[in-house]
Structure formats: C-alpha cells, structure tokens
1. Looking only at the stretch 45-71, count how many residues are within 13 Å of CYS27 (Cβ to Cβ), over 11 Å from the mean Cα position of the chain (by Cα) and of a type outside the set (Lys, Arg).
2. Hey, can you tell me all the residues within the stretch 24-49 that are at pLDDT 95 or above and of a type in the set (Asp, Glu)?
3. Looking at (1) surrounded by 13 or more Cβ atoms within 10 Å (Cβ to Cβ); (2) aliphatic (A, V, I, L, M); (3) at pLDDT below 95, can you tell me which one ALA57 breaks?
Amino acid sequence: MTQTGQDNCRSIIAIKYFKKASELGNCDATFNLGMMYYYGTGVRQDYTIAMKYYRKAAKQGNKIAMFHIASVWIKTLIFQQIFKFVTKFKLKFINKIII
C-alpha cells in the first residue's frame with residue numbers, strides 16, 4: 001500500500017518522536033520504530049534495522065517485541081529449510097537428467 005503525502009508526513013513526524021521517546025527508554029516507542037522499519041512506513045523498509053529496534057524493545061521489557069523476534073526467527077528457519085530442500089531436490093533432478 002502506498003502512502004499519501006499527508007500520511008508520509010505524519011509518519012516522518014512519528015518517527016522523530018518515537019526515536020526521542022526510545023532514547024528516553026520508552027519500550028513502546030522503540031517497538032513502534034521496529035514496526036515502521038519492518039513494514040516500511042515512512043522509511044525505507046529494512047528488516048535489519050527493524051530487528052535492532054525489536055531487540056532493544058524486548059530488552060526494555062516489551063513482550064510484543066519478543067513475539068515479533070521469535071516470529072521473524074521462525075520464518076527465517078522455515079525459509080532456510082525450504083531453500084535446502086529445493087536445492088537438494090534440484091540437484092537430484094539435474095543428476096537424473098544428465099545420467
């Protein structure tokens with residue numbers, strides 16, 4: 001979903017205040033920054049930065065951030081297993097064609 005100019009302006013303002021609140025130790029603001037980077041709301045989408053904010057929010061005690069870290073970790077593991085399976089299957093398939 002694309003943002004309108006007004007929505008983008010609001011997102012930029014929100015990021016400014018979330019960053020300030022995060023620096024002051026507000027775990028909800030830290031988590032919200034993570035969400036904005038995860039979904040690319042008002043910023044360039046960046047999962048690495050999102051995880052940085054999720055980890056910081058989790059250390060500050062935000063339980064939802066802990067859930068998001070686990071969710072991303074599980075998705076990553078599943079993707080790695082699927083990639084290994086497909087690669088292995090593809091190699092077997094190619095070997096059958098060549099032989």
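1. 7
2. ASP28
3. With respect to (1) surrounded by 13 or more Cβ atoms within 10 Å (Cβ to Cβ); (2) aliphatic (A, V, I, L, M); (3) at pLDDT below 95, ALA57 is out only on (3).
The values are calculated or read from the model by the stated rules, or taken from the named source; none is laboratory data. Note that the structure is a prediction, hence the values are computed from the model and not measured. Reconstructed Cβ throughout: ideal geometry from the backbone, glycine too, with neighbour counts over all protein chains shown.
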